[in-house]
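What follows is a single structure, written as structure tokens, with notes after it.
Just so it is clear, none of the values below were taken in a lab; they were calculated from the coordinates. For clarity, every value in this text was computed on a predicted model and none was experimentally measured. Heads up, the Cβs are rebuilt from the backbone with ideal geometry, glycines too, and the neighbour counts pull from every protein chain shown.
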Amino acid sequence: MQDQAGRVRRYYNKNTSWMLLFGQGRGEAVIHRPVWFGENRTRKQALHTVHRLIAEALFSNDLRKQAADRGNSAALHILDLGCGVGGSALWLADNYPLSVTGITLSPVQALAAGRLAERQNLLDRCRFLVGDFTELPPLPDVEAAYAIESFSHGGDPTSFFDQLNRLLAAGGKLILCDDFLTPERESSSAKRERWVSRFRYGWHLQSLMEVEQTLRLASKHGFELIQKLNLTPYLRPTSSFLAFLQRLLGTALRKTAWGASIYGGSALQVCQKNGWTEYLFLVLEKR
């Protein structure tokens, strides 16, 4: 587990700057993909699709009552598990009555997130910590948690759900938005295994697995699925020409941090195109 955390930490320490400059989330301080769902007309709007879905799931009467019972009637306190440079947390705090604690393995990301919070005058409601979400530090009362494209990076999914089971009260929400493997068929080919392995390797995805396997594990730790959205159809694939160039570049440089990211991203495009992975939004509730 420590080895996996170290690999992911180094990956983001080295890659975060160029991801923010050249990635799809540029300008919005996010690293996750835009989702062209609903009325989105611009890339900026599409980058906040998942944030809006999170807010819809969070602001139920049950969660607000839970916060009020704990003496916090003004805002929910939620966790961003794998917060990056804080773009998601800051957008949510700026648009909704909540406070956010972000957890990231990367000191580079935590420092950048803190600076952004200060620049946006949100230090009173957003804080960012260096840590592993499978070994959370002591935290104040938390009503909900979310993980955007970070669960699959984790070194131990059992510890992940165990930590959140201990932290959240009954009725608390746990939201996952991530890539999941589709069920293997008898006719599954060596080609599938090859491209899935490239995706795992490039993006350091030790916990990439099928959604049913994930939900069984979550259920063992007291979580019940209450919403599932397949967002795969709302992702825009890379053009064939650019995908070809990325594949060549990623293959040539895959042993570098930057090249590994491109290598994994190009493998993801192949996996999505062939239906071997799906991009899902899951809302779980603590029983």
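Structure summary
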{"quantity": "Region 227-287: relative contact order as a whole-number percent, Cα under 8 Å and 6+ apart", "calculated": "47 percent"}
{"quantity": "Net lengthening on full extension, Arg166/Thr256 (0.36 nm per residue, minus Cα-Cα)", "calculated": "28.6 nm"}
{"quantity": "For peptides 162-174, 18-30, sequence by mean Cβ density within 10 Å, most packed first", "calculated": "162-174, 18-30"}
{"quantity": "Cα centre as origin, Lys/Arg/Asp/Glu Cβ charges: region 154-231 dipole, Debye", "calculated": "140 debye"}
{"quantity": "Length released on extending from Arg185 to Arg10, taking residue separation times 0.36 nm less the Cα-Cα span", "calculated": "59.5 nm"}
{"quantity": "Entries of Lys191/Lys273; Lys14/Lys44; Lys173/Lys286; Lys191/Lys228; Lys173/Lys228 with Cα pairs more than 18 Å apart", "calculated": "Lys14/Lys44; Lys191/Lys228"}
{"quantity": "Over the chain, relative contact order from alpha-carbon pairs under 8 Å, at least 6 apart, %", "calculated": "19 percent"}
{"quantity": "Cβ charges +1 (Lys, Arg) and -1 (Asp, Glu), total dipole of the chain, debye", "calculated": "980 debye"}
{"quantity": "Extended-chain gain in nm, criterion 0.36 nm per residue less alpha-carbon gap, Ala55 and Glu118", "calculated": "20.4 nm"}
{"quantity": "Relative contact order %, region 140-272, counting alpha carbon pairs below 8 Å whose residues are six or more apart", "calculated": "28 percent"}
{"quantity": "Diffusion coefficient, µm² s⁻¹, Stokes-Einstein with Kirkwood Rh over alpha-carbon pairs of the chain at 20 °C and 1.002 mPa s", "calculated": "111 µm²/s"}
